[in-house]
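Single-structure report; data block below.
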Amino acid sequence: MTSNPSRLTRIHATTLALAFGAVTLAGCSGGRHDAGDTAKVAAHDVTLSAAQRQHIRLQTVADGRFHPAIETTGRVDFDNERATSVIAPFTGPVMQLKAAPGDRVAKGQVLATVASSDFAAAVGAYRKALVAARNARHISDMDQDLLAHHGVSAREAAQAATDAASAEADRDAARQALLAMGVDEASIRAIQAGRAVHYAGGAIRAPIAGTVVERLINPGQLLQAGSTACFTVADLSHMWVMAQVTPAEVAHVHLGDTAEIRTGDGAPAITGTVTSIGGVVNPDTGLVDVRVSAPNPGDVLRKQMYVAVTLSARTDSQGLMVPISAILRDDENLPFVYVAQPDGSFARRHVNQGQRTGDSVVVDKGLRAGDRVVVDGGLFMQFMQSQ
């Protein structure tokens, strides 16, 4: 069979075109090669046309200053310096509840009343102590006058003065007992004046101003003095956030460091301060507690809520800063960037990604100051290599 010369020509041309296309594709692709393949370096480089270069943006890597930060989680708790459990100051059944969870109360405000014989006994003891102190002081004053006129001996006058001082000490102790029971100053002044107090029972009062966050008693419940917890009152304007860090990270946390707290519901971040660093490792979690004190605008922080916490050191550090947009991930999820080469191509460079600060990330290894990296258009170049 005789060959057709024109047909042979077309076959040779097609073969050359396919071979050229294969070489060109190999030059732009990121395909894998054997370790001994001399084209391996070229396979990781991307060459762009002048038109394609118009769609990428480069930035020169330089040293920058940043505040080292630790990203972790935390659990919200009451500020124990601004919260207290209200314990029953006397024994007796609850007569009336005057506060409910969520109520804002002032210091000294009545939370509940109790029919208490302890209260009646304390009022009676104070009345007796007042009378005894007045009489003893009157006798002492008269003896001092008689002593000046030689009507009594110095020993008798001294004994009267001692009795007066003792009676006044008993009076003051009885008054303190009433205060410990939550009796207000107006009631104490009424007792001093000999008037009856305006209620027969005792009042459980708020020891601090704040919000009633727990009510632990019910009407008719029998309370035991000094042991029954009745309410929890907390000032919710400040809260604690118990963040957790690894033992290795503790060395980078210091008292007074700034902490950024995010609730994850779109609310603005809250800035707090590190006020305590735990001295032990939690045996269950292997982590160390770091306490953050933070304001609570709008009561967005609630007890037992989990929040994201960023702990930032007060002193800054220095390192290579790269825009986060420059960081890409390969098939093995390893971070890399595209670095401009002297011949105009772009090569992959794997990097060790450190902490993120704003829109930049610290690169610990893989780049040098002065390298020019692709910060916009890297995904397009990665797509070219995958073809």
Quick check: is even one residue across the range 202-211 within 30 Å of Leu130 (Cβ to Cβ), touching a residue at least 60 places away in the same chain (Cβ under 8 Å), in contact with a Lys or Arg (Cβ under 7 Å, 6 or more places away or on another chain) and surrounded by 20 or more Cβ atoms within 10 Å (Cβ to Cβ)?
yes
Residues located in the range 143-155, provided they are surrounded by 13 or more Cβ atoms within 10 Å (Cβ to Cβ) and assigned to a helix (DSSP H, G or I):
Asp143, Gln144, Leu146, Leu147
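From the set of residues in the range 290-309 that are out of contact with any Ser or Thr (no Cβ under 8 Å at 6 or more places or on another chain) and touching a residue at least 40 places away in the same chain (Cβ under 8 Å), which is surrounded by the fewest Cβ atoms within 10 Å (Cβ to Cβ)?
Gln304
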Can you tell me which residue among Gly272, Gly266, Gly286, Gly278 is out of contact with any strand residue (DSSP E or B) (no Cβ under 6 Å at 6 or more places or on another chain) and closer than 29 Å to Glu214 by Cα?
Gly266
Conditions (1) under 20 Å from Ala225 (Cβ atoms); (2) under 42 Å from the mean Cα position of the chain (by Cα); (3) of a type outside the set (S, T, N, Q): number failed by Ala209:
(1)
Search the range 168-182 for residues that are closer than 21 Å to Arg137 by Cβ and pair each with any residue that is of a type in the set (Phe, Trp, Tyr) when their beta-carbon atoms are under 9 Å apart and the residues are at least 6 apart or on different chains.
Arg171/Tyr126; Ala174/Tyr126; Arg175/Tyr126; Ala177/Tyr126; Leu178/Phe119; Leu178/Tyr126
When you go through (1) under 15 Å from the mean Cα position of the chain (by Cα); (2) closer than 30 Å to Pro93 by Cβ one by one for His254, which number turns out not to apply?
(2)
Being over 30 Å from His254 (Cβ atoms), modelled with pLDDT of 90 or more and charged (D, E, K, R) is true for just one of Arg82, Arg104, Arg53, Arg75. Which residue is that?
Arg104
Go through the range 198-228 and give me each residue that's more than 14 Å from Met181 (Cα to Cα) and either part of a strand (DSSP E or B) or touching a helix residue (DSSP H, G or I) at 6+ places or on another chain (Cβ under 8 Å) (or both).
His198, Gly210, Thr211, Val212, Val213, Glu214, Arg215, Leu222
Tally, over the range 352-385, of residues that are under 28 Å from the mean Cα position of the chain (by Cα) and among the charged types (D, E, K, R):
2
Regarding Thr271, is this residue out of contact with any Ser or Thr (no Cβ under 6 Å at 6 or more places or on another chain), part of a strand (DSSP E or B) and farther than 30 Å from Leu48 by Cα?
yes
Counting only residues that are closer than 19 Å to Arg53 by Cα and in contact with a Phe, Trp or Tyr (Cβ under 8 Å, 6 or more places away or on another chain), the range 328-348 contains a total of 7
Close pairs (8 angstrom Cβ cut-off, 6 or more residues apart or separate chains): closer than 17 Å to Val351 by Cβ in the range 371-387, modelled with pLDDT of 85 or more and part of a loop (DSSP other than H, G, I, E, B) anywhere:
Asp371/Val61; Arg372/Val61; Val373/Val61; Val373/Leu367; Val374/Ile56; Gly378/Ile56; Met381/Leu48; Met381/Ile56
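The values are calculated or read from the model by the stated rules, or taken from the named source; none is laboratory data. Bear in mind that the values here come from a model prediction, so they are computed numbers and not experimental data. Don't worry about glycine lacking a Cβ; one is built from the backbone with ideal geometry, like all the others, and counts go over all protein chains shown.
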